[in-house]
Each structure stands twice: as structure tokens, then as C-alpha cells.
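Engineer: One structure, as C-alpha cells, below. Some questions next.
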Amino acid sequence: RRHTRLQGDWSSDVCSSDLPDKRIEIGAQIENIYDLSMKDRVFKAEGWYWLKWPETINTIIKENGIQQEKLIEITNQVDSDTLLVEMEQPNPEQLSNGKYWQIFHFSGTLYIDEMPLKAFPFTKLTLPLSFELGPEILSCYPGNKYGCIGLETDKNANNHTLGQYAATNGYTLLGAETKEYLHQYTTNFRSEEHTSELQSPCNLVCRLLL
């Protein structure tokens with residue numbers, strides 16, 4: 001149900017979860033960036049991302065048989081068939097604070113949704129990596145029995161880092177920053193429970209900008 005480009009309206013007050021036990025934390029490290037194509041507005045990247053979630057979320061995962069590698073969708077991926085996501089360990093590790101922690105290796109081709117063509121040749125180019133909760137049951141919509149599940153950056157982790165091979169010809173990578181957005185879809189995906197646009201599902205998206 002996801003699209004290559006992020007579709008819909010963006011807002012900071014559409015839906016959110018302020019409950020700590022209803023939030024999944026995410027962090028990432030980019031090891032390699034290559035095959036940047038201005039013509040096709042794509043680039044390839046590989047690295048790792050990790051998730052932390054509380055017992056409440058772990059119960060939802062088990063009750064619904066959600067595969068851990070399906071928890072997150074990289075929403076600006078170009079072709080899901082070429083996106084590789086592998087867990088680093090078969091089962092999540094339970095931390096001393098009771099949360100569960102899992103790390104994933106990923107690689108794939110990603111779409112650059114914002115490219116200031118009027119500024120060509122570019123003096124600055126932002127390469128996005130957009131993470132969004134994947135399973136429908138983790139979306140925010142009226143009637144969801146689990147309430148609104150949120151996604152947020154891991155505030156306790158070190159700054160998102162770039163690996164030694166994270167470079168692309170002609171550009172100098174200055175660093176990475178993370179921004180959070182609420183993504184409200186303008187469709188209910190033909191769900192009878194979502195009877196109007198105002199009831200369309202929305203998710204919190206974490207965008208890593210390189």
C-alpha cells in the first residue's frame with residue numbers, strides 16, 4: 001500500500017502518540033552511498049538501522065505475527081524487489097530497561113524526491129532516507145484497537161554516523177540530520193472502516209537527510 005514517493009498531506013497535529021509504551025525508536029548508520037544518478041533522481045545506499053520497542057509493542061508484534069523485518073518500510077525505495085533487509089540476530093535482545101532491540105542491515109535504490117533543478121549545477125544536494133512503520137495495524141487511524149503507534153528517533157543513541165565509504169563523486173558529505181514528519185494519506189486504501197479522507201491513516205516518518 002506504500003508508494004515510491006511520499007503521497008498525501010503533511011501536518012504536525014493530525015495524529016500522534018504521546019505515550020511512551022506506544023512508540024518505536026529508530027536509529028541508523030549509513031555505510032555506503034554510490035551510483036548517484038541525477039537523470040533518474042536515484043542513488044544507492046547500504047547500512048544499518050536499529051529499532052527499540054517496549055513490551056506493549058512486543059505483545060502487538062506477537063499477537064499479529066508481524067515479522068521483524070517488516071516493521072519498517074523505507075518509503076522512498078524505488079523497487080521493493082531490489083531492497084534487501086536482513087536481521088543481524090534471529091531474536092531481539094531485551095535491554096536492561098525492558099525494551100527490545102533489533103538491528104537490520106539494508107541496501108537498496110532510493111528516490112530523491114526534492115531536487116532544485118533551477119539551482120543546477122548543484123552546490124548542495126540532499127539525499128533522503130525515509131523510514132515509516134509498515135504494518136497496517138501500526139498505522140494511526142480511528143478504530144485501531146491498539147491506538148496510535150508512533151515512530152521516533154532514538155534520542156539516547158549517538159548522532160547518526162556516516163561510514164568511511166559514504167561518499168559520492170563530486171560531492172562532499174557534510175553529515176546527516178534526522179527530521180520527523182506526520183504523513184497523512186489522502187486515501188483510506190478502500191477500507192470500509194475509514195469512511196472519509198479525515199479518517200485516512202497517518203504515520204510518523206523519520207527522514208535521515210544526508
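The values are calculated or read from the model by the stated rules, or taken from the named source; none is laboratory data. Please read these numbers as outputs of a predicted model, since none were measured by experiment. FYI the Cβ positions are ideal-geometry reconstructions off the backbone, even for glycines, and counts take in every protein chain you see. Protein only, heavy atoms only, side chains kept; ligands, DNA and RNA dropped before computing areas. Shrake-Rupley method; radii C 1.70, N 1.55, O 1.52, S 1.80 Å.
Engineer: Measuring from label point to label point, each 7 Å out along Cα→Cβ, what is the ASN97 to LYS145 span in nm?
Structural biologist: 3.0
Engineer: Now for a different question. Once you have the Cα-Cα distance between GLN89 and TYR34, take 0.36 nm times their residue separation minus that, and quote the gain in nm to one decimal. Before the final figure, lay out each step's value.
Structural biologist: On the way: separation 55, 0.36 × 55 = 19.80 nm, distance 2.66 nm.
Result for the pair: 17.1 nm of gain on full extension.
Engineer: Further question on the same structure: How much length would be gained if the chain were fully extended between GLU114 and SER80, taking 0.36 nm per residue of separation minus their Cα-Cα distance, in nm to one decimal? Kindly include the intermediate steps, with their values, before the conclusion.
Structural biologist: On the way: separation 34, 0.36 × 34 = 12.24 nm, distance 2.04 nm.
Computed gain between GLU114 and SER80 is 10.2 nm.
Engineer: Would you kindly find the accessible area of VAL42, with a 1.4 Å probe and non-protein molecules such as ligands, DNA and RNA excluded, rounding to the nearest 10 Å²?
Structural biologist: The accessible area comes out at roughly 20 Å².
Engineer: While we're looking at this one, here's another question. How do ASP81, ASP35, ASP21, ASP154 stack up against each other in accessible area, from largest to smallest, with a 1.4 angstrom probe?
Structural biologist: Numbers: ASP81 135, ASP35 90, ASP21 65, ASP154 15 Å².
Descending accessible area places them as ASP81, ASP35, ASP21, ASP154.
Engineer: When Lys and Arg each count +1 and Asp and Glu each count -1, what net charge do the other residues less than 11 Å away from LYS99, Cβ to Cβ, add up to? Write down the numbers at each step before the final one.
Structural biologist: Working: positive: ARG23, LYS52; negative: ASP21, GLU25, GLU55, GLU93, ASP154.
Taking every Cβ under 11 Å from that of LYS99, the sum is -3.
Engineer: Also, I was wondering about something else. Under the rule of at least 5 residues apart or a separate chain, name every residue whose amide H is placed under 5 Å from the amide H of GLU31.
Structural biologist: Under 5 Å from the amide H of GLU31 lie the amide H atoms of GLU46, GLY47, TRP48, GLY163, each far enough along the sequence or on another chain.
Engineer: Another question, if that's okay. Out of all Cα-Cα pairs in segment 21-142, roughly what percent, to the nearest whole number, are more than 20 Å apart?
Structural biologist: Details: 3641 of 7381 pairs.
The answer is 49 percent, as a whole percent.
Engineer: Rank SER37, SER96, SER139 by accessible area, highest first, at a 1.4 Å probe radius? Spell out each step's value before the answer.
Structural biologist: Details: SER37 30, SER96 135, SER139 0 Å².
Solvent-accessible surface, decreasing: SER96, SER37, SER139.
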